[in-house]
Amino acid sequence: MKPFLRWLGLVAVALLLLQMFFVARIAAMLVIDPQSTTFERSEAWRVVTQKDALRWRQQWAPYDKISNNLKRAVIASEDDGFANHDGVDWDAIEKAWQKNTRAEELAAQAQARNAARNQSKAAAKTPSTRPAKAPKIVGGSTITQQLAKNLFLSKERTFLRKGQEFFLTLLLEAVLSKERILEIYLNSVEWGEGVFGAEAASLHYFRKSAAQLSTYEAARLAVMLPRPKYFEKLPNSSYVAGRAGIIARRLESAELP
């Protein structure tokens with residue numbers, strides 16, 4: 001029993017030290033711009049191990065050097081309650097949970113129908129139908145949650161990692177201002193293969209600084225955020241154009257911190 005308790009104590013101390021490390025890192029961000037995130041470092045390693053050369057674009061832009069159009073577009077697209085919530089949008093999480101539950105139910109029903117068809121076709125010796133598509137999982141993460149995950153955590157999806165994400169989210173909100181959170185997010189978020197931050201994205205796609213982005217240009221960048229590498233290859237797709245138009249019309253209602 002004693003070895004187990006000793007082991008449990010060591011784990012508790014290690015977890016406490018880890019949380020203290022996170023507190024110190026976030027406190028330092030009050031005055032120091034983070035040079036990289038855990039996600040960026042993992043992406044750099046992936047690119048280096050898969051390609052001959054590392055193509056990397058990133059340049060820090062202070063909050064007042066980033067167009068308000070981009071700030072509003074990202075808030076409208078990713079987290080329209082950013083200025084008012086405490087880091088976690090519980091209503092969005094509930095809606096995402098309901099959508100995911102419904103999607104899983106529909107997928108299960110489609111799978112059951114396919115199984116019934118396959119049994120009847122097997123008896124008749126005809127080709128089977130294609131399997132049902134997996135349900136599309138909808139997230140409810142806020143900008144602060146995305147920043148917490150990118151700054152410190154891995155891509156794995158476990159309850160322990162999600163719990164750590166919630167703690168870091170609340171810590172970011174407690175220590176940093178909303179403006180600082182948005183500033184760090186816009187300077188570290190991915191906008192394509194090796195393209196990180198608003199300044200790099202603006203130069204890469206529009207050959208201008210982030211301070212000069214128009215309403216529609218900002219909206220196009222905001223559309224890319226959920227799948228930046230995918231949309232980098234399809235910058236002029238009808239989906240990007242249509243979605244950008246919707247976001248551009250919502251810009252005035254997006255509240256800045």
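Observations on the structure shown:
- Each of VAL240, VAL13, VAL195 was scored by other Cβ atoms within 10 Å of its Cβ. Listed from fewest to most, they are VAL13, VAL240, VAL195.
- Residue exposure sequence - GLU252, GLU232, GLU193 - by fewest surrounding Cβ within 10 Å: GLU252, GLU193, GLU232
- Among the listed pairs LYS155/LYS208; LYS2/LYS162; LYS155/LYS233; LYS162/LYS233; LYS149/LYS229; LYS71/LYS208, those beyond 26 Å (Cα-Cα): LYS155/LYS208; LYS2/LYS162; LYS162/LYS233
Quick note: the coordinates plus some simple rules give every number you see, no bench work behind them. Not measured: the values here are computed from a predicted model. Neighbour counts run over all protein chains shown; Cβ positions are idealised from the backbone, glycine included.
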